Amino acid sequence: MSTISWVVLYKYIDPPFTYLMAKRKIAHLFSGEGSSKIRYSFVPYSKISDQIKLAVISSEDQKFPDHNGFDLVSIAKAMEKNKFAKKIKGASTISQQTAKNAFLWDGRNFIRKGLEAYFTFLIEIIWGKKRILEVYLNIAEMGSLTFGIEAASKRYFDKHARQLSQAEAALIAATLPNPIIFKADKPSNFILKRRNWIQNQMNNLGGIEYIKNL
């Protein structure tokens with residue numbers, strides 16, 4: 001199957017699994033830490049709360065509705081900071097993260113980053129913003145062996161993704177930089193502060209009206 005055919009297929013067929021899911025499952029199997037079952041349930045865009053859609057845009061990529069897959073200004077700023085930083089700071093958009101999660105492995109080598117740019121270009125052209133956000137919210141890692149907003153909503157709040165409140169959505173979004181370390185069900189003071197910041201950003205962007213025309 002060609003890469004273009006793969007992207008077209010995923011426009012209509014939901015990804016059955018991702019590289020990261022397989023990696024986490026195998027690691028868990030060898031760790032001997034109990035069940036290695038992956039929590040993953042893909043739900044359509046219409047069954048995902050608008051609050052979580054806005055929350056991840058507010059926290060991860062506020063220019064998402066308008067850019068072509070790449071935030072060149074943020075990339076340039078990150079590159080400049082990384083010249084002197086001990087810890088590398090990324091500037092990936094939601095589109096780039098979705099391309100990586102759906103089609104590629106994790107890592108920072110030039111081959112993987114080049115393929116990420118290629119797949120980002122393809123999904124922007126073939127999928128469009130709504131499908132990109134739908135897939136992102138469904139396959140993003142949101143906790144140990146937990147992928148996607150439906151699984152996260154059930155695990156942390158015992159409800160469906162469509163029922164998330166603004167505060168709950170912002171709390172999940174607050175953990176996304178590192179959902180293995182940061183816990184939505186046991187939030188640290190840092191995560192609670194980050195949740196409050198995200199809620200302020202959601203309100204500053206104008207609320208859910210900001211995503212109505214994706």
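Structural remarks
- Distance between modelled label sites at residue 66 and residue 180, nm, 7 Å Cα→Cβ extension: 3.6
- Residue 9-residue 105 FRET efficiency (beta carbon distance; Förster radius 22 Å; 0.05 resolution): 0.70
- Cross-link reach is defined here as a Cα-Cα straight distance under 16 Å, omitting same-chain residues fewer than 8 places apart; for residue 37 the aspartates and glutamates meeting it are 141, 150.
- The spread of Cα positions in the stretch 144-214, taken along each principal axis and listed from longest to shortest, comes to 33, 25, 17 Å.
- Distance between the 7 Å Cα→Cβ label points at residue 204 and residue 125: 3.5 nm.
- FRET E, pair residue 33, residue 190, Förster distance 22 Å, beta-carbon r, rounded to 0.05: 0.30
- Across the cross-link table entries 47/129; 154/183; 63/193; 129/154; 11/159; 130/193, which are compared at the Cα atoms, the separations over 20 Å belong to 63/193; 129/154; 11/159; 130/193.
- Pairs of alpha carbons in the chain whose separation is greater than 27 Å (percent): 30
- Calculated FRET value between residue 113 and residue 41, using beta carbons and R₀ = 35 Å, to 0.05: 0.70
Just so you know, all these numbers are worked out from the coordinates, no wet-lab data involved. Quick caveat: nothing in here was measured; it's all calculated off a predicted structure. FYI the Cβ positions are ideal-geometry reconstructions off the backbone, even for glycines, and counts take in every protein chain you see.
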